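Below is one structure; the comments refer to it alone.
Please treat every number below as a calculation from the coordinates, not as lab data. From a predicted model like this one, the values you see are computed outputs, not experimental measurements. Methodologically, a virtual Cβ is constructed for each residue, glycine included, from the backbone with ideal geometry; neighbour enumeration extends over all protein chains shown.
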Amino acid sequence: MLQITRLTLLLLLLAFLGAGLPFPALPFPALPFPYMRSADAAPDLVSVLKELKAEKDPTGRLRLVRHLLTFDGERAARTLAKLGAEDPSAEVRVGATRALGLVRNKTALEMLVWLARRGGPRAVRAATGRALARREGSAAALCEALAAARTTATERALLLGALGYLRDNVSFSVLRTHAQGRDLHLRGAAVHALVARADDPEKRRALLRSLLANGRTVDELMPVLDAAAMAPHDSYRPGLERALTFMDPALVEAAQHLLDQLAALDPEAAKKKAAVPKGKGKRGRYAPGGGGGPPPQDGPPPLPMQRGMTDTMIVLDATGSSHASLPYISERILHDMTVLHEAGVNVRVGVLLYRGGRALGGAGQPFEVFPLTYDIGRLRAFLGSIKASGVDDRGGRVGLALGEALGRSSWRWRARRAVHFYADGPCGDLEVARRAISIHFLADRTRTRFTYVARTRTSVPAEYAELARRGGSTPPEIVR
């Protein structure tokens, strides 16, 4: 019987081949990435890593990122995390971060939390947050990182931003606690993260109403006004009218703009405005309600123009060579911010101090960060407390400082963003500086400006003109 079955199968096969009929397709399982070539379906990890290191084209690195997804080990997860943090292409960083979110092991979750601490361009931060939102245990891992003693204030703000992508009660409770806490920098980060969430809008509005009703300083109220402007609601009106009683010009302007937005969105107010009787303007010219103006238009009035927002991070060389120039630079920064603030401009300024040389190789932190603030008084106090110290015997670590300021600041993405770098010596890590400036300008249009203080070293290094071009800025200003 077995021989008859084998013979029958052989005859059927010969019949198919003789008649020229297509051989029936067998139900083989589909590959995980159908757009891969069949020869690439199961590459060797070592060969993929070697090819990845040698590949110069971002498209080729993206293809290799897809190959790394076929491995589920710790080495593949760490490689994806390194690409997400350091690759010169924003597209590759986003692709590697998304791929890391699909790797199912404990190391991948740890690497995603590490990426959340690192910051980066806006698209990378968003990809990290969404990858964490799809993983079980992300809220606990982020909360554990927040509570760690070694976590810096800058990292805590970035971790709060990642919590804004989650949709669970634990993360909402953590954000609400920080939004009502004492740390003004973390308050602002938590408020913006809460507004970015799509869940429970009524709880979010109740929290914003409470913060508007109880805020007492500019740094307490301005983040709430910025957040409320992203989704205006009529229940904010009493808090906005309270903000109008403050003496700060920028705060009053922000509250008035949001009230104008609510009035433009209110159909009853639009009807009352349309019912104003017409009159004759002086000499037939346009006047409110006059006959010399354009004919009335149907429909609701246009929304008021969006207020200008500006975030500027100042990077200062705080080594001993800058001792004589720091007072002048501090006064200049305070003067510029005061002028903008008194004009009602919604501006925030932060400061990052960097020190090069042996400080980078020791246990001390090479950076000292004063986060972005609306408050001129707090900025003045910080600038007055700066103590120049250390040497840059290995060259100024300009690239590391730029990467910290561009990649880890708590930017408002609707604002004009810029890093203003004051230098008084050469750049000791030029390639790192090029990479940091280029990726943030190309991905987010965050500009980088340079001012060279030619007091200690009178010869202006040529590399700053190149870095300014990469950052979309004019040639460096020279101060003598």
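At-a-glance table
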quantity	calculated
Linear extension gain, W114 paired with V345, 0.36 nm per residue minus alpha-carbon span	79.6 nm
Computed FRET value (nearest 0.05) for E51 with E466, which takes r as the C-beta separation and R₀ as 22 Å	0.10
Distance (nanometres) between label positions extended 7 Å along Cα→Cβ at T310 and A454	2.6 nm
Mean separation of Cα contacts under 8 Å (6+ apart) over length of region 207-271, as relative contact order %	30 percent
Where labels lie 7 Å past Cα in the beta-carbon direction, separation of A381 and D168 in nm	3.8 nm
Inter-label distance for W413 and T217, nm, one decimal - labels placed 7 Å from Cα along Cα-to-Cβ	2.9 nm
Region 88-164: trypsin sites (Lys or Arg not before Pro) falling in loop per DSSP and having at most 16 other Cβ within 10 Å	R104, R134, R150
Taking H257, H335 and counting other C-beta atoms within 10 Å, the order from fewest to most	H335, H257
Karplus-derived 3J(HN,Hα), 6.51/-1.76/1.60, for each residue of region 252-262, Hz, glycine and proline x	5, 5, 5, 5, 5, 5, 5, 5, 5, 4, 5
Length released on extending from A148 to L244, taking residue separation times 0.36 nm less the Cα-Cα span	30.6 nm
